[in-house]
Each structure stands twice: as structure tokens, then as C-alpha cells.
Amino acid sequence: MGIGEAALVVVAIVGLEALLSADNAMVLAVIVRPLSPALRRKALLYGLAGAYLLRALALVFAAFIIKLWWVEILGGLYFSYLAADHFRNRAPHAEGVPPERPSLPFWRVVVDLNLINLAFSIDSILVVVAFTRNLALIIAGVFIGMAMIWLAANLLVKLLDRYPVLESVAYALVGWAGVKLALEGWAKLADEIWHRPELAPHMSQGIFWAVTLLILLGGSLLALRAGQAGAVEKDA
């Protein structure tokens, strides 16, 4: 394989990693937000290190990864719980004025980050390995992709600090990512363990991204309007 072809493969893997893990960045930003600004970058660095380790282990044990369908289901349920808990706690408060998030112990957040990375690693590695079997190119592409996700999470948590009314949009996206992840885990269980493909729910990337954009655009518009209304009432 020539240098040009290898570079194209790495770019393709980075693109796959970015597409498969775009929701990962939002989840990471939501998880670290309860920390103080000084600790967020440190927690994300630990999370990035954990993600690299888990991706490496997933590459080594790719043949056995399919047996961890339950991790994806549990991860999806956890994301859904985070979203439901946010909206449950927010309900009694004024619209457009999110309640103050309680602070969490630093190492609790780091553990949560790496459990999330484990859930996301499974589907990501299986797709990338199906794309190419060249280990060096897979490692290069996956590691560059993970660095991009870490940068995106840093930017997203700053965006949420600047526009706190968008927090509910972020949690809605986290809940939607949970639905997607749980369905993928269930599909693996039905396809690979039970050998009952008719019981496997498959969500196309088109549907996932259409709903994601609807939540992002529609939710942002509603949240910003609510925030403006709340500011007007406060001034009055």
C-alpha cells in the first residue's frame, strides 16, 4: 500500500470515528460539567487516556467484543437515565433558568467517563475493523479521531457554560444517543447471540442524524426563546 493510499485510509477512519462518536463528545461534555472549570480539562485528559487504552484493548480482543452487547445496552440505559433525571429535576424550576448542578467528586466523574468510553468503544472498533484490517492504519485513525472528540468535548462544555439554556438540548441529545446505543446492543444480541435477525432493531444513520439535527435545531430555538423570555421577566 502506497503512502497516498494509506493516508486516504487514515482520513476515512478518522471520519468514521468522528461520525460514530459525535454523540460521545456531547455526553463527555455533560458528564464533566458539574466539575469546577479547573478540573474539567484534567478529567477529560484522564478520560482521553482511558479511551485510548480501551480502544487498544478493543483492537486486541476485537473477536470477543461482540459478546459485550450488554455493555452497550447498559450504557444506553444510563444515558437515558441521565436525560430523564435532568428533566425531572428541572421541572419545578422556571423555564429557561436551569437549576444549579451539584458538584461531583473528581474520581467519580473520571470513572463515569471511562465507563462511557467502554460502551462507545465496542461499536466503533467493530465498524473500523470491518473497514480495514491494517492494524497500524486503524491505530493512527482511531487515535486521531479520539483526540478530535476530546477537543470537541472541551469546546462543548464551554458552550454550555456560555449558554446554560442549551443544557436541556444537550441532555436531550444524550438521551437520544442512549436510545441509539441500547438499540445497537440489542441488535448484536439478537443477531450474534440468538441468531434471530428478525428481532434485531436497526436504526439507519440517516434516521439518527435527522432526529439529532431536529433536536439540535428545534431544541436550541425553543431554549433560546425561553431564555430570552426568562430574562425579560427577570428585568421586569
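The values are calculated or read from the model by the stated rules, or taken from the named source; none is laboratory data. Because the structure is a prediction, the values reported are computed rather than measured. Quick reminder, even Gly has a Cβ in these numbers, built from the backbone with ideal geometry, and neighbours come from all protein chains shown.
Any chance the range 174-189 includes a residue that's in a helix (DSSP H, G or I), touching a residue at least 24 places away in the same chain (Cβ under 8 Å) and in contact with a His (Cβ under 7 Å, 6 or more places away or on another chain)? The answer is no, given that none of the residues of the range 174-189 is in a helix (DSSP H, G or I), touching a residue at least 24 places away in the same chain (Cβ under 8 Å) and in contact with a His (Cβ under 7 Å, 6 or more places away or on another chain). Considering every residue within the range 34-47, establish whether at least one is assigned to a loop (DSSP other than H, G, I, E, B), modelled with pLDDT of 75 or more and surrounded by fewer than 18 Cβ atoms within 10 Å (Cβ to Cβ). Yes: one or more hits. Hey, does the range 26-33 have a residue that's assigned to a loop (DSSP other than H, G, I, E, B), surrounded by 13 or more Cβ atoms within 10 Å (Cβ to Cβ) and either modelled with pLDDT of 80 or more or on the phi > 0 side of the Ramachandran plot (or both)? The answer is yes; a qualifying residue exists. In the range 189-216, of all residues being among the polar types (S, T, N, Q) and at pLDDT below 85, the one that is surrounded by the fewest Cβ atoms within 10 Å (Cβ to Cβ) corresponds to Ser204.
The C-beta contact set for the range 133-160 (first residue among the β-branched types (Val, Ile, Thr), second residue surrounded by 21 or more Cβ atoms within 10 Å (Cβ to Cβ) and not in a helix (DSSP H, G or I), distance under 6 angstrom, 6+ apart or interchain) comprises Ile149/Ser21.
Working only within the range 13-25, note down all residues that are modelled with pLDDT of 70 or more and in contact with a Leu (Cβ under 9 Å, 6 or more places away or on another chain). Answer for the range 13-25, where residues must be modelled with pLDDT of 70 or more and in contact with a Leu (Cβ under 9 Å, 6 or more places away or on another chain): just Ala25.
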